[in-house]
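The values are calculated or read from the model by the stated rules, or taken from the named source; none is laboratory data. Just so we're clear, the structure is a prediction, and the values are computed from it rather than from any experiment. Counting neighbours? That spans all protein chains shown, and the Cβs are built from the backbone with ideal geometry, glycine included.
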Amino acid sequence: MYEFSKDKILWKGKTLKGADASSFESLSPTIGRDATSIYVNGKIAKVDKQSFEVLSNSYARDREAVYLIMETKLKPVKNANPATFVAIGDCFGRDSTSAFFRTSKMRLNKGCNPENLKSLGHVYATDGVSLFFGTERHAWPDDLDASGPEIKLKWFCDNEVNLPILTLTDGQTCWVAIYHNGQRWWECQGAGFETLAPLAFDNDSTWNASYVRDDNNIWFYGASIAGANPAKVYMFGQDMLSNGNQIWHGDRLIAQKASDISYICHYSTYNPDYLSGPLVHQGNQLVVHDLEKGPQILAQTRGMAERLDQTSFDEILTSSLREIYSTLLAIICHLPPIVNTPGDIGQKLQENPQHYIKPDTLPDFQAKLHSDGQIELTLSDGTILQQPLSCWYTLGCHLCCMALKREPMFLPYPPVGTMLPNSVDMHLLLMKRHRSAFWNLTSAALRHGHEQEARILAHFCFSLALGHIQLDAEMLQELVEIPRELMSNFQYDMAHHAFEVTTNLAVGRLILRDRWLEAEDFRDRIDVIDTLHGAILETDKIGIFYQEIIPQLMARYGCEPLPAVREHLAMTLEAALIRGQVDGEVSHKFHNEAMLPIIEFCIANGINTYFNRARLAETLWALDRDMEANTMSETLIADIGEDAHLPGVYCHRHIYRTPRLWFLRGKTDIAYRKADLATHEKRLAALEADYDMLIARYGEKSSQWDEMKDIKADIGRYKDAITSE
């Protein structure tokens, strides 16, 4: 925008050099003129000043050319005659021989000439025969006189690539065009054009709408819906409408009450009859409502609910957890956290499950669920472990640690990716692999009065773990046995989808500013924590996160009422430490002072305890607290053993076969922290001495270990870096 400031002209707040304020006038947001020049985007344009004129928001001309007004420049329109050119609406134009959409020539219908072109608004026009969407030609309704003066068009999205839903009137009749369906135009008898609009799940996205309404009526592809009040109806599911008491599929009223039907979204079904339509839980059946074939039953209950009620819940709990924890123990033993991502683990288990999973290695236990929703595992040696039912993952980590003779701790498995890596991935991997066990456990929990725990499990099982998949016959039969009260958990609109920010730091600040960590709905809290987890792993501003975001997460951990949500806060704190270590390893940016309280917090709360004790020693060395670091490292080695393996700082790194190798790796990473040359030389000498001592301890063959070769190469790179200064 151009601004006047006393005797100056400003463009974006800066003085426009050479502009004559006394004669300057603004012709558009980006174009201005004074007595001697034309300015575009704050720069003098190479046009004929005397003949230059702005014709519309899209077009300008001088005696030499017609120009498309773009955001940063004027682009000549090839073959347009400036002498006869006329702008039509915002985006169209014509000269004596041709019609144009922006810079492109249009192919009008035979018998039509440029003078027939009429703008209908935005990127829509007609030549009296066809509808133009930019340069694309589309048919009008049959028998419409498109050259009539009363033609009006409305569109419900400004997308210029795919044709959105349109409404049309010729002054007498109204039509709707829904282009995702085979037929293009439907007449809506008696409709009022001014209020005729699509009815969709989300008013901001009407692409898949099949219903339209005005003030008085509802239509489904042109068929009027008898008894439906447009002021009270809402979308119940794809091609389904409800007023709270009744449900319509298409234009047909379903006999059952709305309270007896649950819509199952984000799923498709495989069946040999090629049925297509919304899937609902209806009475004791799963039904697909096919527009052509009507309702088709896909599954019906077989009394599973009664059998579950007659069976001891503790038996179901014990057998389900044994199955799940056998897999978890195999993962922790063979595919330890941090260096192995959930994606890698899922692929390896899929390819060769027998290689990893050996159920007889899991400690024997009996499970019992108390009235407060706490699972109690009693091991054969009398040891008792407890966690809420929804914290089955933490309980499994503790059990597996006991099996490996470690102290109980929470073991995070951070994923990797460029689209906000999710904190829930490990949970979902196990839920997908043991679907039947989790579904039975969730159903039984609800039937035995543990509604809160059941709903948390159901959110993971039905909304997060199985979205957008194809349900086969076995899954459908299991699904129909799920209590209908849990069916609402299939539908959840993720909170972060509404965030209108584009950077990782902005996401973190928005979540804190709008108090999302305190959201009433636990699903929203899990979603925004999951979003923060990804933002932290992806950010290049982890130092600011340490100052502004992470302290709030630690504070929330202490007051979060649901332990299941705390699991994901723990994952996110782990992500913050990973990001800090990666910054040190890759970019030589060190955040050890900021990381120290996070590490201590995680140790105090049983989060990846052994690894965080190793991190603590590395951090103390980085802070030049060598005596404390030495004590910490030796104490850890005494607790976990000289041969305990420790993973690298993130995915796809080495697993270090002894803690001492891991510590030398860390000392090499942190050696780059700022110091004078003499200090760097002392650090180098210490690293070389430590390396030689490890070779002496483990034998000459250890020099060929992959991690030792990497450490030696890193020491060499450090030496080159300090000698080149």
Residue hits (region 56-74; crowded, with 17+ Cβ neighbours inside 10 Å and of a type in the set (A, V, I, L, M)) are A60, A65, V66, L68, I69, L74
Cross-chain or 6+ apart pairs with Cβ under 6 Å, region 145-161 first and farther than 21 Å from L199 by Cα, then in a strand (DSSP E or B):
A146/T126
Pairs needed: first member in region 586-607, under 23 Å from C651 (Cβ atoms); second member anywhere, buried (at least 21 other Cβ atoms within 10 Å of the Cβ) and small (G, A, S); C-beta distance under 7 Å; at least 6 residues apart or different chains.
F590/G584; F590/A622; H591/G580; N592/A622; M595/G580; I598/A576; I607/A570
Looking at region 415-448 only, could you name the residues that are assigned to a loop (DSSP other than H, G, I, E, B) and either at pLDDT 90 or above or within 16 Å of C391 (Cα to Cα) (or both)?
S423, V424, H434
Sort out which residues of region 160-214 are among the small types (G, A, S), under 23 Å from N243 (Cα atoms) and modelled with pLDDT under 85, and write them in order of number.
A200, S205, A209
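Condition check ((1) assigned to a helix (DSSP H, G or I); (2) small (G, A, S); (3) under 30 Å from the mean Cα position of the chain (by Cα); (4) modelled with pLDDT under 90) across all residues:
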{"site": "G277", "(1), (2), (3), (4)": "no, yes, yes, yes"}
{"site": "I297", "(1), (2), (3), (4)": "no, no, no, no"}
{"site": "L308", "(1), (2), (3), (4)": "yes, no, no, yes"}
{"site": "L321", "(1), (2), (3), (4)": "yes, no, yes, no"}
{"site": "I331", "(1), (2), (3), (4)": "yes, no, yes, no"}
{"site": "L349", "(1), (2), (3), (4)": "yes, no, yes, yes"}
{"site": "H355", "(1), (2), (3), (4)": "yes, no, no, yes"}
Would you pick out the residues in region 12-39 that are modelled with pLDDT under 90 and not in a loop (DSSP other than H, G, I, E, B)?
K14, T15
I'd like the residue in region 642-671 that is without any contact (Cβ under 8 Å) to a residue 60 or more places away in the chain and part of a loop (DSSP other than H, G, I, E, B) and, out of all such residues, is surrounded by the fewest Cβ atoms within 10 Å (Cβ to Cβ).
D643
Note on I44: of the conditions (1) surrounded by 17 or more Cβ atoms within 10 Å (Cβ to Cβ); (2) farther than 30 Å from A125 by Cα; (3) among the β-branched types (V, I, T), unmet is (1)
Quick count over region 466-484, residues being over 14 Å from T269 (Cβ atoms) and within 27 Å of the chain's Cα centre (by Cα), is 1
What do you reckon, is D639 out of contact with any Leu (no Cβ under 9 Å at 6 or more places or on another chain), farther than 23 Å from D540 by Cβ and outside any helix (DSSP H, G or I)?
no
L620 is checked against (1) buried (at least 18 other Cβ atoms within 10 Å of the Cβ); (2) closer than 20 Å to L411 by Cα and fails just one. What number does that condition carry?
(2)
Take the residues in region 247-266 that are in contact with a helix residue (DSSP H, G or I) (Cβ under 8 Å, 6 or more places away or on another chain), assigned to a strand (DSSP E or B) and closer than 13 Å to M487 by Cα, then tell me which one is modelled with the lowest pLDDT.
I264
